[in-house]
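The values are calculated or read from the model by the stated rules, or taken from the named source; none is laboratory data. On a predicted model such as this, the values are computed, not experimentally measured, just so you know. Heads up, the Cβs are rebuilt from the backbone with ideal geometry, glycines too, and the neighbour counts pull from every protein chain shown. Ligands, DNA and RNA are stripped out before the accessible areas are found, and what is left, the full protein with its side chains, is counted by its heavy atoms. Shrake-Rupley method; radii C 1.70, N 1.55, O 1.52, S 1.80 Å.
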Amino acid sequence: MLKDIKGDIMMRCISCGAEYPDDEIIYTCNQCGSILEVVCQPDVSKDVFRCRKSTMWKYKEFMPVDPSRIVSLDEGGTPFCKCDKLGKELGVELYVKVEGSNPTGSFKDRGMSVGITKAIELGVDTVGCASTGNTSASLAAYAARAGLKCVVLLPAGKVALGKLAQAMFHGAQVLSVRGNFDQALEAITQLALQGQLYLLNSINPYRLEGQKSIGFEIVDDLGWKSPDRIILPVGNAGNISAIWKGITEFQKAGFIDDLPRMTGIQAEGAAPIARAVREKHDDIVPVENPETVATAIRIGAPVSAKKAIRAIYESDGLAETVTDEEILSAQKLLAQTEGIGVEPASAASIAGLKKLVDSGKIDKGEQIVCVVTGHVLKDPNIAINACEEPVEVDADIDALLRVIKGN
Ligand code: AN7
């Protein structure tokens, strides 16, 4: 039944093309060690999407899991806000895809809905991840919903408060690892390869199947057209790969004609992909000690680098770096000109857009979609530190007026 609708679902190595059945637990190619992708190209008309609830499961035919076992919190269907004021300031037609509106406040929920559904199909009892924060918050929530045991490894002292609170509060076993994200990922991968848990970092290609729905929604929101360009922050590099996969699947299905230029933005202190693209390489040299205020993308050895670089080259896209200062000022700009509150990593997309317009690499008038990946309350300390302390005042009209009018 599943096969009838969705075609043959399997995993395939992105480098040597080796194929693996969809019921095998495997994260990298046995033949060449490269990363895998899921193949799922259903034969349906886009009319099937009509009148369905606005969640990512609107496109369920394109999701490589059993539709009768979906674990969902109604993720996806996020706001697609036209930002005229900021667009005018930058000289482009700007839309912002607000992923902070997902159930746990980041795009990771899309991937976890598919990933946890897959975990249930496979019959595992424990799931795990390493995380800069959002992946752990999301996994903890979806594992709770599915009744699975959840172990998360976080780089000690480097996870934003909101994300840490979520991972703990949803009942995951939270371990603070002495080391950075890359080291935590290496450790949890070893545990997964020993069969101790099912790994739900984005090296697991089922995660990216959920996240590709961001691409589906963008072209659906634009009336079955691609924008000129999609800009997003890049850390472990799964999301840019996933969005590109989604959009090319919709093109292959005949739903859209043209394709967007994929544009990835990295923090200057954690930019292996931007460097590889600048030097026209196909793979990265890892950054040993990544550092940035945008802790979500403080990643030196992105596992999906090959997929991301391929997406950038295939789409004639770009990669750019931004400083911490540019990130924080873009975060404030978006919050105060458009009312959209995002965490620092997410603001990298806006900072990158500004830099690319200023340098002439993006043309005036382009239609741009910036994906903002996580909610401002994920990292409350950053938001509070960016502002003046509230003035303490008596609850008295004269006193209040003196402060409000500034005299
Ligand atoms: C807000 O949670 O890697 O390039 O462990 O939380 O797909 O990795 C988070 C990544 C962008 C980068 N914006 O996406 C994690 C983690 C936010 C993020 C990214 C992340 P990828």
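Roughly speaking, to the nearest percent, how much of region 277-330's 1.4 Å accessible area is carbon and sulfur? Ligands and nucleic acids excluded, carbon and sulfur reach 50 percent. Between R145 and I25, residue separation times 0.36 nm minus the direct Cα-Cα distance comes to 41.0 nm. Placing +1 on each Lys and Arg Cβ and -1 on each Asp and Glu Cβ, with no other charges, gives the chain a dipole about its Cα centre of roughly 400 debye. Annotation: amide H-H contacts under 5 Å for V177 (H modelled 1.01 Å from N, sequence separation of 5 or more, or interchain): L154, A156. Comparing region 175-264 with the 2.2 N^0.38 Å rule of thumb, its C-alpha radius of gyration ratio is 1.34 (two decimals). Distant-in-sequence amide contacts of R261, defined by a placed amide H-H separation under 5 Å and a gap of 5 or more residues or a different chain, comprise R229, I230. Max-minus-min Cα coordinates of region 259-371 on each principal axis give 38, 32, 21 Å, with the largest extent listed first. With semi-axes defined as the square roots of five times the eigenvalues of the C-alpha gyration tensor, the equivalent ellipsoid of the chain measures 33, 25, 22 Å, largest first. Among the trypsin sites (Lys or Arg not before Pro) within region 1-108, those in coil by DSSP and having at most 10 neighbouring Cβ atoms inside 10 Å are R50, K53.
Roll a 1.4 angstrom probe over the protein heavy atoms and tell me the percent of accessible area of region 1-59 that is carbon or sulfur. Could you put the intermediate results ahead of the total?
Numbers: 1480 of 3280 Å².
Summing carbon and sulfur atoms, their accessible area is 45 percent of the total for region 1-59.
For region 154-270, the relative contact order works out to 22 percent when only alpha carbon pairs closer than 8 Å and six or more residues apart are counted. Along region 303-316 the Karplus relation, 6.51 cos²θ - 1.76 cosθ + 1.60 evaluated at θ = phi - 60°, assigns HN-Hα couplings of 6, 9, 3, 4, 5, 5, 5, 4, 4, 5, 5, 4, 9, 6 Hz to successive residues, with x for each Gly and Pro. Projection of the Cα convex hull of region 199-245, averaged over all directions and equal to a quarter of that hull's surface, yields 3.3 nm². Full extension of the chain segment joining I404 with D47 gains 123.1 nm, where the gain is 0.36 nm per residue of separation less the Cα-Cα distance. Applying both filters, DSSP loop and at most 16 other Cβ atoms within 10 Å, to the trypsin sites (Lys or Arg not before Pro) of region 311-407 gives K361, K364.
Other residues lying with their Cβ under 14 Å from the Cβ of K306 contribute a combined charge of 0, Lys and Arg counting +1, Asp and Glu -1.
Compute the relative contact order of region 249-360 as a whole-number percentage, counting only Cα pairs closer than 8 Å that sit 6 or more residues apart in sequence. Don't jump to the answer; show the numbers that get you there.
Working: 171 pairs, mean separation 31.7, N = 112.
Relative contact order comes out at 28 percent.
Take the Cα of D125, step 7 Å toward its Cβ, do the same at K88, and the gap between the two points is 6.1 nm.
Would you tally the net charge around I14, using a Cβ to Cβ cut-off of less than 10 Å, leaving I14 out, and scoring K and R as +1, D and E as -1?
Values: positive: R12, K306, K307, R310; negative: E37.
With Lys, Arg at +1 and Asp, Glu at -1, the neighbours total +3.
Taken one residue at a time, the phi angles of region 361-373 give Karplus couplings (6.51, -1.76, 1.60, θ = phi - 60°) of 7, 10, 7, 4, x, 4, 8, 10, 10, 9, 8, 9, 8 Hz. Gly and Pro are set to x.
Going toward the positive end of the dipole of the chain, with +1 on Lys and Arg Cβ and -1 on Asp and Glu Cβ, which of A348, G133, S45 do you reach last? Final value for the positive-end residue is S45. For region 96-200, relative contact order (Cα pairs under 8 Å, six or more residues apart, normalised by length) works out to 29 percent.
Label point of D363 set 7 angstrom out along Cα-Cβ; within region 216-258, amide nitrogens under 14 Å from it belong to 228-229. Along the Cα-to-C-beta direction of F80, a point sits 7 Å from the Cα; which residues of region 342-378 have their amide N less than 16 Å from that point? Only 367-372 pass the distance filter. The coefficient of translational diffusion for region 214-285, derived via Stokes-Einstein from the alpha carbon Kirkwood radius under 4 °C and 1.567 mPa s, stands at 99 µm²/s. Temperature 4 °C, viscosity 1.567 mPa s: under these conditions the Stokes-Einstein estimate for region 136-223, based on its Kirkwood radius over C-alpha pairs, is 90 µm² per second. From largest to smallest, the equivalent ellipsoid semi-axes obtained for region 34-92 from the alpha-carbon gyration tensor read 30, 17, 13 Å.
Only one residue of F62, S202, I297 has its Cα farthest out toward the positive end of the dipole of the chain, where Lys and Arg carry +1 and Asp and Glu -1 on Cβ, and that residue is F62.
Checking the a/c ratio against 1.5 first, then a/b against b/c, what shape does the Cα gyration tensor give for region 335-405? It is prolate, given that a/c is not under 1.5 and a/b is the larger ratio. Backbone geometry of region 273-289 corresponds, through the Karplus equation with coefficients 6.51, -1.76 and 1.60 at θ = phi - 60°, to 3J(HN,Hα) couplings of 6, 4, 5, 4, 5, 4, 8, 6, 8, 9, 9, 9, 9, x, 8, 5, 10 Hz, x marking Gly and Pro. Helical runs (DSSP H, four residues minimum) scored at -39500 (n - 2.57) apiece and divided by the length of the chain put the mean residue ellipticity at 222 nm at -11500 deg cm²/dmol.
Give me the net charge for the shell around I218: Cβ to Cβ below 10 angstrom, other residues only, Lys and Arg +1, Asp and Glu -1. For residues surrounding I218, the net value is -1. Close amide H contacts of V92 (hydrogens built in the peptide plane, cut-off under 5 Å, sequence separation of 5 or more or a different chain): G365.
Extents of region 1-140, largest first, come to 51, 39, 31 Å (Cα atoms, principal axes, whole angstrom).
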